[in-house]
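S.K.: I have a structure here, written as structure tokens, and I will follow up with some questions on it.
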Amino acid sequence: MVASARLAVVSGGATGIGREVARMFAGRGDRVVIVGRRVELLRQASEDINRTAGADLAIPVGADLTDPAQVRRAADLIADLGEVGVLVNNAGAAVTPPAGDGLDALAASWRRDLDASLLTAVLLTHALLIMMSRPGGRLTMISSAAAQRGGAGPHSACSYAAVKAALHGWALGLARQLGRDGITVNVLAPGYIQDTGIFHGQDTPGFVATKIADTLVGRPGTPADVAAAISYIASPEAGYLTGQIIGLNGGAVLGR
């Protein structure tokens, strides 16, 4: 392990973007805790990452991050590993349309998405703040281009874009609060990223073609693209980058 190695925590680290981000940290020689609900997938991911890294750097911690008691237990386990240098809040869920037409079904759908994509980040962040590096801590939220331009498709007015946008305002407030401690806070808002499973089989050839046509570079994003961006955002060299919403979408949403 290199002398500058840090401890990184990645939520939703068993699959897709989170797994690739965890692999990136381990490849740099950092220890990385991957947190999620699906314990067997976490175990498989950590074994794969460690095999690639050639060292036992990935540590799986099972927890439902919508449950405060489980978040506290996860934080206690992480505290035993030392100071947290990086936290990447990646846990979240795809659009969950209401199960019916009534207001009860609508409320349940919105609450489910708020819990999955916002409360998970809020609870884990607040549980780990006391143990984050000061100065030098790096906190990153994974949002979505949908937060910047609204949702799309048959569920465009559902909760997904609104919930992801809520991360933005919260993160900007945290950046103001934590800047004096030398902790940076940023949001990365990816566009269409293939190989994440978030679309649950809805990414038909026609769907993919439409997403690619939205870009200026003529291709979809990959989890490796996201990991590469986070590699800098979370790096020691990025100490002057904070309070920013960073688009990673191939030009599908132009900068503002």
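S.K.: For residues in the range 102-123 being of a type in the set (A, V, I, L, M) and surrounded by 16 or more Cβ atoms within 10 Å (Cβ to Cβ), which is farthest from T66 (Cα to Cα)? Give the steps one after another, and end with the answer.
M.R.: Narrowing the range 102-123 to residues of a type in the set (A, V, I, L, M): 103, 105-108, 114, 116, 118-119, 121-123.
Within this subset, residues satisfying the condition of being surrounded by 16 or more Cβ atoms within 10 Å (Cβ to Cβ) are 106, 114, 116, 118-119, 121-123.
Working: L106: 19, L114: 10, A116: 7, L118: 9, L119: 6, A121: 9, V122: 9, L123: 7 Å.
Selected residue: L106.
Per-residue answers, yes or no, for (1) under 16 Å from the mean Cα position of the chain (by Cα); (2) over 30 Å from A238 (Cβ atoms):
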| residue | (1), (2) |
| --- | --- |
| A55 | no, no |
| L65 | yes, no |
| Q70 | no, yes |
| A75 | no, no |
| G92 | yes, no |
| A105 | no, yes |
| R112 | no, yes |
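S.K.: Can you name the residue in the range 160-173 that is crowded, with 18+ Cβ neighbours inside 10 Å and out of contact with any Leu (no Cβ under 7 Å at 6 or more places or on another chain) and is also nearest to P98 (Cα to Cα) among such residues?
M.R.: Step by step, filter the range 160-173, then rank; the result is Y160.
S.K.: For the range 48-72, name all the residues that are out of contact with any helix residue (DSSP H, G or I) (no Cβ under 8 Å at 6 or more places or on another chain) and hydrophobic (A, V, I, L, M, F, W, C).
M.R.: A69, the sole residue that qualifies.
S.K.: Among the listed residues V21, V33, V39, identify the single one that is within 18 Å of G82 (Cβ to Cβ) and either open to solvent by 40 Å² or more (accessible area, probe 1.4 Å) or modelled with pLDDT of 95 or more (or both). First the steps, then the outcome.
M.R.: On the way: V21 fails: within 18 Å of G82 (Cβ to Cβ); V39 fails: within 18 Å of G82 (Cβ to Cβ).
Residue meeting the stated conditions: V33.
S.K.: Go through the range 47-75 and count every residue that is open to solvent by 40 Å² or more (accessible area, probe 1.4 Å), under 13 Å from R19 (Cα atoms) and outside any helix (DSSP H, G or I).
M.R.: 2
S.K.: Another question about this same structure. Evaluate the range 248-256: report whether one residue or more is touching a strand residue (DSSP E or B) at 6+ places or on another chain (Cβ under 7 Å), over 24 Å from D115 (Cα atoms), without any contact (Cβ under 8 Å) to a residue 12 or more places away in the chain and part of a loop (DSSP other than H, G, I, E, B). Spell out how you get there, then give the answer.
M.R.: Restricting attention to the range 248-256, the residues satisfying the condition of being touching a strand residue (DSSP E or B) at 6+ places or on another chain (Cβ under 7 Å) are 248-250, 253, 255.
With the extra rule that they be over 24 Å from D115 (Cα atoms), the set shrinks to 248-250, 253, 255.
Of the ones still in play, those that are also without any contact (Cβ under 8 Å) to a residue 12 or more places away in the chain are 255.
Cutting the leftovers down to part of a loop (DSSP other than H, G, I, E, B) gives us 255.
Within the range 248-256, one or more residues are touching a strand residue (DSSP E or B) at 6+ places or on another chain (Cβ under 7 Å), over 24 Å from D115 (Cα atoms), without any contact (Cβ under 8 Å) to a residue 12 or more places away in the chain and part of a loop (DSSP other than H, G, I, E, B).
The values are calculated or read from the model by the stated rules, or taken from the named source; none is laboratory data. Keep in mind that this is a model prediction, so the values were computed, not measured. Here the Cβ is made from the backbone with ideal geometry for all residues, glycine too, and neighbour counts use every protein chain on show. Heavy atoms of the whole protein, side chains included, go into the accessibility calculation; ligands, DNA and RNA do not. Shrake-Rupley method; radii C 1.70, N 1.55, O 1.52, S 1.80 Å.
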